[in-house]
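Right, one structure below, let's go through it.
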Amino acid sequence: MLRRRWAKQVAFLVAWLGAAALLGLLFGAPAWWLTAALLLYVAHTLRYIYLLDRMLDGGKRHAPFATRGLWAEILARVDTIKTKSRNRKKKFHRVLREIRESTGALSDGGVILNGDNEIVWFNPAATLLLGLDPRTDIGRRLDNLIRHPEFVSYLAEPGGEGITFPSPKMESAWLALQIIPYGRDQRIAIVRNVTREVNLERTRRDFVANASHELRSPLTVLSGYLDTFADDEDLPNRWKVPIAEMLRQSNRMTQILRDLMELMRLESAESDASRDFVDVCTMLGLMVRDFDSATEEHPAVSLHLETDAALLGNETELHSIFFNLIHNAVRFTPATGSVAVIWRTDDQGAAFEVTDTGIGIPEEEIPRITERFYRVDPGRSRAIGGTGLGLAIVKHAVQRHDGVLEIASVEGEGSTFLCRFAAERLLYRGGQAEAAV
Ligand code: ADP
């Protein structure tokens, strides 16, 4: 097409100049005839260049006089390109308006951030929830505007399920923040008002804590009387079995209440666990000795202290973590099996590991066993004195120590429970200890 158009144009020019030369030869002064023909051609070309320029400048859509030839085609093509681009622009504006209207109607706040956490855009809900001002805050760093420590550290290192923090604008309101990366170094911060959920959760926790607390005193009285009856030599024989069973059940209830209160305390504690010096090796040594010297039948429990590192944490909570995991391993492993308790360090920090050769856990149950009252086999757990709260306590306590709990298990072969603690919670006393109890 292009070649044909240009061939035609060149042919026209040659014919035009040929005709001028012929007229020059016929009437004389061919040079003047040729000059006049060239000038006319230049004028014709300039006229169309002017029209093209005017069109590109946003002028008339159609050049009325160019209906045929190269210029007509060039102008028609420019016109088509312009119409297409105008339509695209319109569509783009329409989409933009729709996005603006829909994000404006959202009750969740959305803030677009660049790689330096500077605000690129935000919707009206973000103004309401975070107190951002569209006139002054575009281009400013979000962590300079919202100074809540948890917010600042999450923004620096987003990940996981996001965070909940108090609203900087609305009194006693709570917000949930999640950061989603997209495009090239862009991120969108989604902010949701979760005041209702937080208050409901708090009410639920308070209720459980209060109910447990209120039930403890009457239960202590009942257990006390049952203890006395159980020890009474003169108790009629027909009462001995029921009293022993009542005592067993009231002890179980006391244990459930104790675990519930412990769990509620861990869940409602707002800050991380304290950073007291905890001598893990001594604590584990005593604990494993107690387990291993228990009178009832139990699997062999061995302790492997591969480091003498101490932890900076809460002694009661760490005791609870270690005790619950070893206790579970002992309870869910037959007397012929074995339990290994390991304390070691690596380049990521420290690891407390309990490995048993017990009954194991079916793969699909593993994600659920840290839920409150979740047991793989409720009957068996109850029979061996479980409350169903041990692992929930462990998970919370580990999290409060900036750690993670990892569970691996093969049904019928055994399980490994691993608690990882960050290096910043470790205190080395020099030298590596190698011991086995
Ligand atoms: P429980 O008081 O029932 O032991 P936990 O929260 O400590 O409650 O544990 C929840 C469930 O996880 C247990 O009932 C059991 O089914 C499973 N479980 C925990 N530890 C082990 C283990 N070492 N081996 C096999 N199953 C385990």
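The values are calculated or read from the model by the stated rules, or taken from the named source; none is laboratory data. These numbers come from a predicted model, not from an experiment. FYI the Cβ positions are ideal-geometry reconstructions off the backbone, even for glycines, and counts take in every protein chain you see. Just the protein is used for accessible areas: all its heavy atoms, side chains included, with ligands, DNA and RNA removed. Shrake-Rupley method; radii C 1.70, N 1.55, O 1.52, S 1.80 Å.
Of all residues in segment 378-418, which are over 32 Å from the mean Cα position of the chain (by Cα) and either charged (D, E, K, R) or at pLDDT 90 or above (or both)? Residues satisfying the conditions are Arg380, Arg382, Gly412, Glu413. Within the set Thr254, Thr282, Thr295, Thr228, the sole residue that is loosely packed, with under 15 Cβ neighbours inside 10 Å and either in contact with a Leu (Cβ under 7 Å, 6 or more places away or on another chain) or closer than 30 Å to Arg429 by Cα (or both) turns out to be Thr282. Checked across segment 81-89, the condition of being touching a helix residue (DSSP H, G or I) at 6+ places or on another chain (Cβ under 9 Å) and either over 24 Å from Trp174 (Cβ atoms) or not in a loop (DSSP other than H, G, I, E, B) (or both) holds for at least one residue. Take Val394 and decide whether it is aliphatic (A, V, I, L, M), in a strand (DSSP E or B), within 8 Å of the ligand (Cβ to nearest atom) and surrounded by 20 or more Cβ atoms within 10 Å (Cβ to Cβ). Criteria not met by Val394.
Does at least one position in segment 158-167 carry a residue that is modelled with pLDDT under 90, in a helix (DSSP H, G or I) and of a type in the set (Asp, Glu)? No, because not a single residue in segment 158-167 is modelled with pLDDT under 90, in a helix (DSSP H, G or I) and of a type in the set (Asp, Glu). Scanning segment 317-347 for residues that are small (Gly, Ala, Ser) and either within 13 Å of the ligand (Cβ to nearest atom) or in contact with a Gly (Cβ under 6 Å, 6 or more places away or on another chain) (or both) returns Ser320, Ala329, Gly337, Ser338, Ala340. Of the residues making up segment 241-248, none is loosely packed, with under 14 Cβ neighbours inside 10 Å, over 20 Å from Arg382 (Cα atoms) and modelled with pLDDT of 90 or more.
Considering (1) without any contact (Cβ under 8 Å) to a residue 12 or more places away in the chain; (2) surrounded by 12 or more Cβ atoms within 10 Å (Cβ to Cβ); (3) over 30 Å from Lys82 (Cβ atoms), the lone condition that Ala21 does not fulfil carries the number (1). Scanning segment 399-422 for residues that are surrounded by fewer than 18 Cβ atoms within 10 Å (Cβ to Cβ) and outside any strand (DSSP E or B) turns up Gln399, Asp402, Glu411, Gly412, Glu413.
When Ala189 is tested against the conditions (1) part of a strand (DSSP E or B); (2) open to solvent by 70 Å² or more (accessible area, probe 1.4 Å), the lone failure is (2). Taking residues in segment 283-312 that are in contact (Cβ under 8 Å) with a residue 24 or more places away in the chain, and partners anywhere that are among the acidic types (Asp, Glu) and assigned to a helix (DSSP H, G or I), the pairs with Cβ atoms closer than 9 Å and at least 6 places apart or on different chains are Met283/Glu315; His298/Asp292; Ala300/Asp292; Val301/Asp292; Ser302/Asp292; Leu303/Asp292; Leu312/Glu424. With respect to the conditions (1) open to solvent by 80 Å² or more (accessible area, probe 1.4 Å); (2) under 30 Å from Met264 (Cβ atoms), Asn144 falls short on a single one, namely (2).
Table: residues versus (1) within 22 Å of Arg202 (Cα to Cα); (2) assigned to a strand (DSSP E or B); (3) open to solvent by less than 40 Å² (accessible area, probe 1.4 Å); (4) not acidic (Asp, Glu).
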{"residue": "Leu96", "(1), (2), (3), (4)": "no, no, no, yes"}
{"residue": "Thr103", "(1), (2), (3), (4)": "no, no, yes, yes"}
{"residue": "Ser107", "(1), (2), (3), (4)": "no, no, no, yes"}
{"residue": "Ile112", "(1), (2), (3), (4)": "no, yes, yes, yes"}
{"residue": "Ala126", "(1), (2), (3), (4)": "no, no, yes, yes"}
{"residue": "Lys169", "(1), (2), (3), (4)": "yes, no, no, yes"}
{"residue": "Ser172", "(1), (2), (3), (4)": "yes, no, no, yes"}
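For segment 348-376, a residue qualifies if it is open to solvent by 40 Å² or more (accessible area, probe 1.4 Å), more than 6 Å from the ligand (Cβ to nearest atom), of a type outside the set (Ser, Thr, Tyr) and on the phi < 0 side of the Ramachandran plot, and the qualifying residues are Gln348, Glu363, Glu364, Pro367, Arg368, Glu371, Arg372.
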